[in-house]
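Below is one structure, written out as structure tokens; the observations come after it.
Just so it is clear, none of the values below were taken in a lab; they were calculated from the coordinates. Computed from a predicted model, the values in this text were never measured in an experiment. Virtual Cβ from ideal backbone geometry, glycine too; neighbours counted across all protein chains shown.
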Amino acid sequence: MPSRTNLSHEEREIVRRALLAIVNGAYIPDDVEFEVVFGSTRAEAKKIAEAWPEVDERSEPVRLAINSALNNLLGYPHGMHAERERDVAPKAEIERVFRQWRASL
């Protein structure tokens, strides 16, 4: 499926890593809290993460998953900053990709 956004291959890799980290990691450990904070169930978000990049980036669930993953890795009070850098990228790089992704919508 062609990308709807103007992200580079490396930036799309950061999105992929963010999606997988947020659904598989301990950033939001409680499933009930996950649904409240993320806007979808962990299972729904995991399907998108595992299918990335072969997803319809125009669909609301995919846009919500990307937005929630990047936003929650940056702002949710998980206190896992070293893990976030190891699992995804440095905070500044995630912020840059998040801004670029949002601008491309």
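Convex hull volume of the C-alpha atoms in segment 53-100, normalised per residue: 82 Å³. In segment 1-42, whose amide N lies under 11 Å from the spot 7 Å out along Cα-to-Cβ of Gln100? List them in ranges. Counting backbone N atoms under 11 Å from the label point, the list is 6-15. Which of the GluC sites (Glu not before Pro) found in segment 2-105 are loop residues per DSSP with 11 or fewer other Cβ atoms within 10 Å of their Cβ? Sparse-neighbourhood loop GluC sites (Glu not before Pro): Glu54. Backbone geometry of segment 28-38 corresponds, through the Karplus equation with coefficients 6.51, -1.76 and 1.60 at θ = phi - 60°, to 3J(HN,Hα) couplings of 10, x, 8, 5, 5, 4, 4, 4, 5, 6, 8 Hz, x marking Gly and Pro. Of Tyr27, Tyr76, the sequence from fewest to most neighbouring Cβ atoms within 10 angstrom is Tyr76, Tyr27.
Dividing the Cα radius of gyration of the chain by its Kirkwood radius returns 0.92 for Rg/Rh.
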